[in-house]
Amino acid sequence: MDSLLFSMLLWILCPSVRGWCDHASERTDLNLSVTYDLPTFTADFPVQNMVIVDGIIYVGAINRIYALAPNLTKLSEYHTGPLSANETCGQTLARRNSNEKVDNHNIALVGEKMYDQGLYSCGSVDNGVCRRHVLNEGNGLKTVDEDVYCFADKVQLGNGQPSDSDVVVSPSGSQVLNVESNFIHFFVGNSEIPGKDNVKGMTTHPHTISLRKMRTSQDGFTFESGSSYMDLIPSLRGNYYLRYVYSFHSGPFTYFLTVQKVSWDSQAYHTRIVRMCSSDKSIRRYVEMPLECISTNKRRRRSGSLKVFNILQAAHFTRVGKDEEMLFAAFAQGKPNSPEPTPNSAICIMTIKQINERFRSNIQGCSTVEPYHFTGSDRKSCHNLVRVRLFLSIFGELLVTCISFFFKVLYSRSSSPHVNVRLDSRPVSTSVVLPATAHSKGAVIVATGNKITKIPLIGPGCSQMTTCTSCLLSSNVTECGWCNGRCTRKNECPSSSTWTQDYCMPVITKFSPASGPLLGSTIVTICGRNFGFNKTKTFKGSDTLMLSVNVAGVPCKFSKGSIKRYVGACIPLLFICCLPHSTHNLQLCLCLQDPVINDIFPTFGPKSGNTMLTIRGAFLDTGNQQSVTIGEKICKIQSLTSTMITCKTPSHAFTSKEWVKLTIDSVKRQAATQFTYNEDPIIINIQPSHSFMR
């Protein structure tokens, strides 16, 4: 409130500086056109999946699998397509005669460490079958192209169609999670996108959700029971939208995140989280519940103020500290009755403990129904749960397509991100990998179209922050500091210069007024930057202010609540004449002026007022505010120069002599002669009372 009152007072008392600083010192804090030279790799086709095994980055693209060194240098590559429509893993299937070539999209790329170091690549036109790459050492480097075989024993032996358990992925998209215990277990969720499953060359149909283990012969998969999978009921196949977006493993559970219809007969869409027991040989303890990301005005929690973000775009599971496990999820507002996102996103954060507690409370309550899309029944049960509503802030006009907890330097409370790097014109893929950070500060590797880019976790650089304040207010993770008028890292600052992360040197761009009365008390408005900014100390007002202003060597007292981002106001104690001010410090130089009244004219007038009074003198326009009084009443100023003031006299109740006073800020000057109020003139008659027309 004090700050507001001061601002209003300054506005009233200083009409000459209203809006004076509004644009004088404005600068754009971020230059989003800055580019950085980052390590990249460009594939022959669009990149779809990435995974790291033993420090090597494996990339699944259309028709290709690449092995990359940590610096993104290509080590080897394997061609997975284009394939003939009658091939599976390079084997020609019986009773198929088509020679048409079809691109092989990389649906899943999964690492393995239990037996050999291996890689599973699962394509869109291999009839759902995966290939196993044994990652041998070749010339001291891991190779992806030397020891590759079809992970389906019947296909290997040329015995026709693959076994049901070997058909892993769907051309509509899949989430494949390797949960290793005593065996390699694949938990698989296959998307069902109406109109997308009919891919040329696809003669099999994978199960919607399943779990399978590797055979001990290491030549394929097997289901451990007849209940190791579930499928959409026949009436929904081909016309029910179900997309598996993300999967992760935590403790005894495996989780999937999906986007699907709210119910089998609904036109609306939402997000669900699925939980399964990792140790089960069959799908016995399957539960799911809707997730919503909610943004709300904290002051108005009415339903009309809620913004619901219902379509999951990407997610990231990570451990924070020693014990806490977190899920970061990027949602978008969906188009009406559509799973398609709009460019309005929100990020919600939840702990796995919170998710499991919600599962537990709903299971114990048993106020739920069976998942109709799998069972064909909606009878009351304890396996399908009520919604979880999560609250966090939004990113308007932005579609978030990728999320990684480790890239924590991106956003602050300001409307603009601290690090906003344009990697490519194409969106960032949901596939993100984080190389080990034992000997470095770490990096995140992201894909945009055909290109892969490695971005340091501390951010690519500091140059996009153009002001000292924006530089030092960036996250400590960025390791940015101010040096020679630029935001840089410490190793980029010359040894002869000062690099700081703590404070910004104040800069004055202008101030007003440039003169004032000898006795002081003029409010001076100072425009500039970095007033009172010190990152190491708390700024709460004049009692902890890190800014000092001297006028003629005398401290300038700050008005309470007067410090703004660009504007400071103080009351000098003394003025002297001096040189123009310096923009490199806060030594204000103003001119000493001692206002003097020489005379007034006229020295009398009618008591009804409105006599135009002229005051002559010197330095009459110094300071901020001038006022003239006759006796106790204001004489309204009509004009003002350094040598003359004109004002209209106020009315007076009776004849008298009154002193004429000029007040400049709080300094008062009095005329040597009094102004006399006389009786108002009376008209008795006029002569002559008539005249000629001409």
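Derivation of every value follows stated rules applied to the coordinates shown; laboratory data play no part. All values reported here derive from a predicted model rather than from experimental measurement. Glycine also receives a Cβ, built like all others from the backbone with ideal geometry; neighbour counts cover every protein chain displayed.
First measure r as the distance between the Cβ atoms of residue 639 and residue 466, then evaluate 1/(1 + (r/R0)^6) with R0 = 45 Å and state the FRET efficiency to the nearest 0.05. That gives a FRET efficiency of 0.50. Expressed per residue, the C-alpha convex hull volume of segment 603-694 stands at 132 Å³. Across segment 491-508, computed HN-Hα scalar couplings (Karplus, 6.51 cos²θ - 1.76 cosθ + 1.60, θ = phi - 60°) run 6, 8, 8, x, 4, 7, 10, 9, 10, 9, 10, 10, 9, 10, 5, x, 10, 9 Hz from first to last residue, x flagging Gly and Pro. How high is the FRET efficiency from residue 591 to residue 680, r the C-beta distance, R0 60 Å, rounded to 0.05? Computed FRET efficiency for residue 591 and residue 680 comes out at 0.85. Length gained on full extension, residue 648 to residue 436: 68.1 nm, using 0.36 nm per residue less the C-alpha separation. The ellipsoid that matches the Cα gyration tensor of segment 449-511 has semi-axes, each √(5λ) in whole angstrom, of 26, 14, 10, with the longest given first.
Amide H to amide H, with H built 1.01 Å from N, residue 609 comes under 5 Å of 652, counting only residues 5 or more places away or on other chains.
Shown in residue order for segment 273-283 are the 3J(HN,Hα) couplings computed by the Karplus curve 6.51 cos²θ - 1.76 cosθ + 1.60 at θ = phi - 60°: 10, 10, 10, 9, 7, 5, 8, 5, 8, 9, 7 Hz (x for Gly and Pro). At an R0 of 45 angstrom, the distance between the Cβ atoms of residue 659 and residue 505 translates into a FRET efficiency of 0.35.
Note that segment 604-621 has calculated 3J(HN,Hα) couplings of 8, x, x, 5, 6, x, 6, 7, 6, 9, 10, 10, 10, x, 9, 6, 6, 9 Hz, one per residue in order, obtained from phi through the Karplus relation 6.51 cos²θ - 1.76 cosθ + 1.60 (θ = phi - 60°); glycine and proline are x. Projecting label points 7 angstrom from Cα along Cα→Cβ for residue 627 and residue 497 puts them 5.1 nm apart. Compared with the direct C-alpha span, the chain from residue 101 to residue 426 gains 114.3 nm at full extension, assuming 0.36 nm per residue. Step through the table entries 101/451; 607/636; 74/113; 353/441, compare each Cα-Cα distance with 27 Å, and write down the pairs that go over it. 353/441, as the Cα separations exceed 27 Å there.
Placing pseudo-labels 7 Å out from each Cα toward the beta carbon at residue 379 and residue 306 gives an inter-label distance of 3.2 nm. For the listed peptides 276-284, 318-326, 72-80, 685-693, a ranking on the average number of other beta carbons within 10 Å per residue, highest first, reads 72-80, 276-284, 318-326, 685-693. One decimal place: the segment residue 691-residue 38 gains 225.2 nm when fully extended, by the rule 0.36 nm per residue minus the C-alpha distance. Distance between the modelled labels on residue 360 and residue 74, one decimal in nanometres: 5.2 nm (7 Å Cα→Cβ projection).
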